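Structure first, commentary second.
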Amino acid sequence: MKIRVATYNIHKGVSSIRSTPRVLALKKAISLFDAQVVFLQEVQGRHDRYSAQFGEASRGHRHWPEQAQHEFFAGESHHSAYGMNAVYDHGHHGNALLSTYPIADTRNQDISDHAYEQRGILHCVLETPRGKVHCYVVHLGLFESGRGRQTEALIEAVMASAPEAEPVIIAGDFNDWRNTLSDKLRKALGVVEVFDELGSRSALGDLVRSLAGRKAKVVPARTFPAALPWFRLDRIYVRGFKVETAQVLHGSLWAKLSDHAPIVANLTLA
């Protein structure tokens, strides 16, 4: 069984500058993933101010949907689940999962490390033709010490909820720009990051390392900022799948929609 998956931090559906609404364009862009399963972070479940400001019909359509963003993006093609993390007077936001497969069960776990950053893990169990697939949507904090504790919570959550024989996909914004967490996840959960198995993207680099007797360094892809990706913040980890392809989507379209670039991967159930 083949599954195409994507992960994307959508910046709450507004531009980084001037908070211009991007929700309608994001729905079209997410459809371009052509993915069965989409992991989303910073999804606006409710925002009364934006709804009032952008919700009135203009030129024949609204710029801010009446529905919660995860429901709007799902449309009729996908099921959706939402994990509310950050709550404020005028609304809330969190992680979401879109899936063409039925979502049999969901659980949102609060892993906030302090009061000023509300973070969570959204666990969804998908019912696929080949059985259950466990999906974990993740958005970790900005501080390294907190990310370490949140990663331990993630490891405990996966070990407690996903039997070893059942496949796992963990994806999201890890904010792990120094790449200190991947080895912990690999060792504890037996996962690989989707770019691990694809090897070096440079033939010259491979030749130089071969002559020097060194192995290629395993690193995630660059995804932030979207206009000129440099930091390696977004990841897709899998267990029980073979990674066929993985790519970061670059270009002017993605630079306009969010401060993060999305990752799309094609997987085959092992």
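The values are calculated or read from the model by the stated rules, or taken from the named source; none is laboratory data. Predicted model only: the values in this text are computed from it and were never measured. Glycine also receives a Cβ, built like all others from the backbone with ideal geometry; neighbour counts cover every protein chain displayed. Please note that ligands, DNA and RNA were not included when accessible areas were found on the heavy atoms of the full protein model with its side chains. Shrake-Rupley method; radii C 1.70, N 1.55, O 1.52, S 1.80 Å.
3J(HN,Hα) along segment 96-103: 8, 10, 10, 8, 6, 8, x, 9 Hz, from the Karplus curve 6.51 cos²θ - 1.76 cosθ + 1.60 with θ = phi - 60°, whole Hz, x for Gly and Pro. In order along segment 28-34, the Karplus-derived 3J(HN,Hα) couplings, from 6.51 cos²θ - 1.76 cosθ + 1.60 at θ = phi - 60°, round to 5, 5, 4, 5, 5, 4, 6 Hz, and Gly and Pro are given as x.
Per-residue Karplus couplings for segment 86-91, computed as 6.51 cos²θ - 1.76 cosθ + 1.60 with θ equal to phi - 60°, are listed in order as 9, 10, 9, 4, 9, x Hz, Gly and Pro entered as x.
The charge dipole of segment 77-146, taken about the Cα centre with unit charges on the Cβ atoms of Lys, Arg (+1) and Asp, Glu (-1), comes to about 360 debye, rounded to the nearest 20. Axis angle, to the nearest 10 degrees, between helix 203-212 and the longest C-alpha principal axis of the chain: 40 degrees. Note on the chain: with charges restricted to the Cβ of Lys and Arg (+1) and Asp and Glu (-1), its dipole about the Cα centre is near 840 debye. Entry note, the chain: the mean residue ellipticity at 222 nm calculated from DSSP H runs of n ≥ 4, each adding -39500 (n - 2.57), is -7000 deg cm²/dmol after division by the residues and rounding to the nearest 500.
How many Å² of accessible area per residue for the chain, probe 1.4 Å?
Numbers: 13110 Å² over 270 residues.
Result: 49 Å² of accessible area for each residue.
Proximity of backbone amide H atoms, modeled 1.01 Å from N, is registered between Asn175 and Leu140 at under 5 Å, excluding neighbours fewer than 5 places apart on the same chain.
What part of the accessible area of the chain, given as a whole %, is carbon or sulfur when the probe is 1.4 angstrom?
Working: 6870 of 13110 Å².
After summing per-atom areas, the C and S share lands at 52 percent.
Taking Rg/Rh (Cα atoms, Kirkwood Rh) straight from the coordinates, which label in (i) 0.92; (ii) 1.15; (iii) 0.97 is the correct one? Matching the structure shown: (iii). Extension gain for Ala270 to Asp110 (0.36 nm times residue separation, less C-alpha to C-alpha distance): 54.5 nm.
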